[in-house]
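Chemist: My structure is below; once you've seen it, I'll send some questions.
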Amino acid sequence: MICLCLTGKTIEENREYVRRYRDCIDLVELRLDLLSAAALDAVCSNPARLAEMLPGVQLIVTCRRPSDGGAWSGDERERRRVLRDMLDGASDWIDLEDDLSDELEIAARERGVGIIRSIHCFESLPDNMGRILDRLSRGGALAKLAVAVSGMEDVARLVESVAHRAPGRHIVLGMGEYGLMTRLLAGRLGSAWTYTSARGAVQAAPGQVDPRTLVERFGFRRIGEQTALFGVVGDPIAHSRSPEYHNSRFQRDNLDAVYLPFRVDDLGHFMSIARTLPLHGISVTVPHKAAAAELADRTDDAVQETGACNTLIREHGLYLGTNTDIPGFLQPLRPYLDAIDAATIVGAGGAARAVAYALVSRGMDVLIVNRTVLRAEALASDMNRAAERIESTRAGVRPGRASSGALPESSSDIAGFRSLIVQTTSCGMEPNEKCDPIPHYRFDGSEVVYDIVYTPATTMLMSRAERAGCRVISGALMFEQQAAVQYDLFRRSYWSYQRSRDDGTRSYDGVRRDIGRAPWSRPSEG
């Protein structure tokens, strides 16, 4: 279920929030501590009127102290009196902090009001969260544990605390951007409902989204017990178009599947969560492509040669890694390839590895420039080793060679490698739109400029190149092409998952066959 937190100062303001999201919500939580003095007096004098003022939804009442993330400024005796008054109204639930006396709980039970026992931790995760939930559940109360999470290690601990608990008798959520997944996947984590705030209203807790975004963008209502889960990991991740792309295609194909964004600081901790849920396919973006290559249980030739993985597919409990950036990058470039003899690659990260491998394997010499020259040198060395393997195993193929250098201070710094310039860093991507990775380079109009950033659609670098008369390729084209290849893999994984449920097996041979031509192999130790 979806609960809308009502944080307005007046009942009229809160009624407007209910009206706006009525088709998306099941419950509301009225935050008494955020009401104006006049509104609180009116509610307390006639609590039964709340059913008229907030019609058609279950009502939770609570009044939070500052230590619990609230704004109550009165004394504790008065706060308890306000909560006691609400029991004589139309409340379906009352949220009581763990340290409140049993007197209010007894009164609530006498009136048939549901009880939520809650703890809010804003500093760090407590130890023994399972035992805390057991304590909060005493007497049949609904246990609520809201904790601030600072990264995937915290989220993994939170997920583990509910992994073996009966669903529907607790609410567990991580506050903050890293904790968004606990809100989106509340049902999978056994939570009775998730909390949201109205767009433009005071946010009741860090990391909440509005109900319509939850339902329409993230497909919250479509996530059932058997729904196949997919997602994209990165840091940052808010700019990603992948959820929109893949969810629209899942819906168009009538698949019981949902694709979600996950802000991830540590991919290793996230993968433990992915195996628990489980996730059937994962898109990997900045800065985790190299880590994904190491963490995959099996990898194909493209990943082994580049050391970068942007796609993980689940098979029989294992994650298979490939790189759809390579075909995605090459497809928009095909009309220009005959006129390009060499290229400059700006950056030396995971995306640069895919780009360099794609070009070198097609016989093009590349110059890799990067702010940290040692990283550029390491990537060039890796690509030259890959070129040697290609030459020794593919008869008649002459791969290109890679060299390295610093970011150019002038056009002459990349002489001989300027017919194609590929920008692979996050420079220019939201929220750094004003960033230009090579501000000292002057275009003469003969270059093909390819910026793999796709948000915004036109970067500062692309605008400067267009003004100089260059032919420009947007990262949106690469995104569309690589996402199409990725979606085909996700769709095949989905149907393999469905077949495994139907016949009780875990056969994913179709995915294995189509994801890459080379046999899968385990990454080397370390």
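Chemist: Scan segment 47-81 residue by residue and report those that are over 34 Å from the mean Cα position of the chain (by Cα) and among the charged types (D, E, K, R).
Modeler: Arg49, Glu52, Asp75, Glu76, Arg77, Glu78, Arg79, Arg80, Arg81
Chemist: Tell me which residues, restricted to segment 181-225, are charged (D, E, K, R) and assigned to a helix (DSSP H, G or I).
Modeler: Here is the first cut: in segment 181-225, the ones charged (D, E, K, R) are 183, 188, 199, 210, 212, 216-217, 221-222, 225.
Listed by number, the residues that qualify are Arg183, Arg212, Glu216, Arg217, Arg221, Arg222.
Chemist: While we're looking at this one, here's another question. Would you check if Ser67 is touching a helix residue (DSSP H, G or I) at 6+ places or on another chain (Cβ under 9 Å), in the same structural domain as Arg135 (by TED's automatic domain parsing) and surrounded by fewer than 14 Cβ atoms within 10 Å (Cβ to Cβ)? I'd like the intermediate steps shown before the answer.
Modeler: On the way: touching a helix residue (DSSP H, G or I) at 6+ places or on another chain (Cβ under 9 Å): no; in the same structural domain as Arg135 (by TED's automatic domain parsing): yes; surrounded by fewer than 14 Cβ atoms within 10 Å (Cβ to Cβ): yes.
Spelling it out, it is not the case that Ser67 is touching a helix residue (DSSP H, G or I) at 6+ places or on another chain (Cβ under 9 Å), in the same structural domain as Arg135 (by TED's automatic domain parsing) and surrounded by fewer than 14 Cβ atoms within 10 Å (Cβ to Cβ).
Chemist: A follow-up question, please. Residues of segment 211-243 being over 22 Å from Met271 (Cβ atoms) and crowded, with 21+ Cβ neighbours inside 10 Å, which ones?
Modeler: Within segment 211-243, Pro211, Leu214, Phe220 qualify.
Chemist: Okay, moving on. Do any residues in segment 363-374 that are at pLDDT 95 or above and polar (S, T, N, Q) have Cβ atoms under 7 Å from those of residues that are surrounded by 24 or more Cβ atoms within 10 Å (Cβ to Cβ) and not in a loop (DSSP other than H, G, I, E, B), where the two are at least six apart or on different chains, and which pairs are they?
Modeler: Asn370/Ala376
Chemist: Can I ask one more? Please specify each residue of segment 2-41 satisfying the condition of being touching a strand residue (DSSP E or B) at 6+ places or on another chain (Cβ under 7 Å) and loosely packed, with under 15 Cβ neighbours inside 10 Å. Full working, then the answer.
Modeler: Kept after step one, since they are touching a strand residue (DSSP E or B) at 6+ places or on another chain (Cβ under 7 Å), are these residues of segment 2-41: 2-7, 14, 17-18, 21, 24-32.
If the condition is that a residue be touching a strand residue (DSSP E or B) at 6+ places or on another chain (Cβ under 7 Å) and loosely packed, with under 15 Cβ neighbours inside 10 Å, then Asp26 is the only one that fits.
Chemist: What is the residue count in segment 333-384 for residues that are in contact with a Gly (Cβ under 6 Å, 6 or more places away or on another chain) and assigned to a loop (DSSP other than H, G, I, E, B)?
Modeler: Residues that pass the stated criteria total 2.
Chemist: For segment 315-373, give me each residue that is of a type in the set (Phe, Trp, Tyr) and crowded, with 22+ Cβ neighbours inside 10 Å.
Modeler: Going residue by residue through segment 315-373, those that are of a type in the set (Phe, Trp, Tyr) are 319, 329, 336, 357.
Residues satisfying the conditions are Tyr319, Phe329, Tyr357.
Chemist: Can you run down the residue pairs with Cβ atoms below 9 Å, 6 or more apart or on separate chains, where the first is in segment 437-450 and polar (S, T, N, Q) and the partner is crowded, with 21+ Cβ neighbours inside 10 Å?
Modeler: Sorted first by the residue in segment 437-450, then by its partner, the pairs are Ser446/Arg418.
Chemist: Determine the pairs where a residue that is under 18 Å from Pro236 (Cβ atoms) and assigned by TED's automatic domain parsing to the domain that holds Glu123, located within segment 170-182, has a partner that is crowded, with 24+ Cβ neighbours inside 10 Å and of a type outside the set (A, V, I, L, M, F, W, C) with Cβ atoms under 6 Å apart, the partner being 6 or more residues away or on another chain.
Modeler: Gly174/Thr182
Chemist: In segment 192-218, how many are farther than 21 Å from Asp256 by Cα and without any contact (Cβ under 8 Å) to a residue 40 or more places away in the chain?
Modeler: Of the residues in segment 192-218, 4 are farther than 21 Å from Asp256 by Cα and without any contact (Cβ under 8 Å) to a residue 40 or more places away in the chain.
Chemist: Right, next: Which one is surrounded by the most Cβ atoms within 10 Å (Cβ to Cβ) among residues in segment 389-443 that are touching a strand residue (DSSP E or B) at 6+ places or on another chain (Cβ under 9 Å) and in a helix (DSSP H, G or I)?
Modeler: Narrowing segment 389-443 to residues touching a strand residue (DSSP E or B) at 6+ places or on another chain (Cβ under 9 Å): 400-408, 413-414, 416-425, 427-428, 437-438, 441, 443.
Filter once more, so that each one left must be in a helix (DSSP H, G or I): 413-414.
Values: Asp413: 18, Ile414: 21.
The qualifying residue surrounded by the most Cβ atoms within 10 Å (Cβ to Cβ) is Ile414.
Chemist: Which members of segment 126-161 meet the condition of being in contact with a strand residue (DSSP E or B) (Cβ under 8 Å, 6 or more places away or on another chain), within 23 Å of Pro236 (Cβ to Cβ) and not small (Gly, Ala, Ser)?
Modeler: Val147, Val149, Asp154, Val155, Leu158
Chemist: Could you please find all residues in segment 293-332 being assigned to a strand (DSSP E or B), without any contact (Cβ under 8 Å) to a residue 40 or more places away in the chain and not aliphatic (A, V, I, L, M)? Quick ask: steps written out before the conclusion?
Modeler: Step one: filter segment 293-332 for residues assigned to a strand (DSSP E or B), giving 298-299, 311-315, 318-322.
Adding the requirement that they be without any contact (Cβ under 8 Å) to a residue 40 or more places away in the chain leaves 312, 318, 321.
Scanning segment 293-332 gives a single hit, Gly321.
Chemist: Scan (1) of a type outside the set (D, E, K, R); (2) surrounded by 22 or more Cβ atoms within 10 Å (Cβ to Cβ); (3) without any contact (Cβ under 8 Å) to a residue 60 or more places away in the chain; (4) in a loop (DSSP other than H, G, I, E, B) for the single condition Met462 breaks and write down its number.
Modeler: Here Met462 meets the rest and fails (4).
Chemist: Which residues, counting only those in segment 244-261, are crowded, with 22+ Cβ neighbours inside 10 Å and either over 16 Å from the mean Cα position of the chain (by Cα) or over 23 Å from Leu477 (Cα atoms) (or both)?
Modeler: Phe250, Ala257, Val258
Chemist: Look at Thr455 and say whether it is touching a strand residue (DSSP E or B) at 6+ places or on another chain (Cβ under 8 Å) and either farther than 30 Å from Leu320 by Cα or of a type in the set (Val, Ile, Thr) (or both). Write out each step before concluding.
Modeler: Details: touching a strand residue (DSSP E or B) at 6+ places or on another chain (Cβ under 8 Å): no; either farther than 30 Å from Leu320 by Cα or of a type in the set (Val, Ile, Thr) (or both): yes.
No, not satisfied.
The values are calculated or read from the model by the stated rules, or taken from the named source; none is laboratory data. Predicted model only: the values in this text are computed from it and were never measured. All Cβ positions, glycine included, derive from the backbone under ideal geometry; neighbour counts span all protein chains shown.
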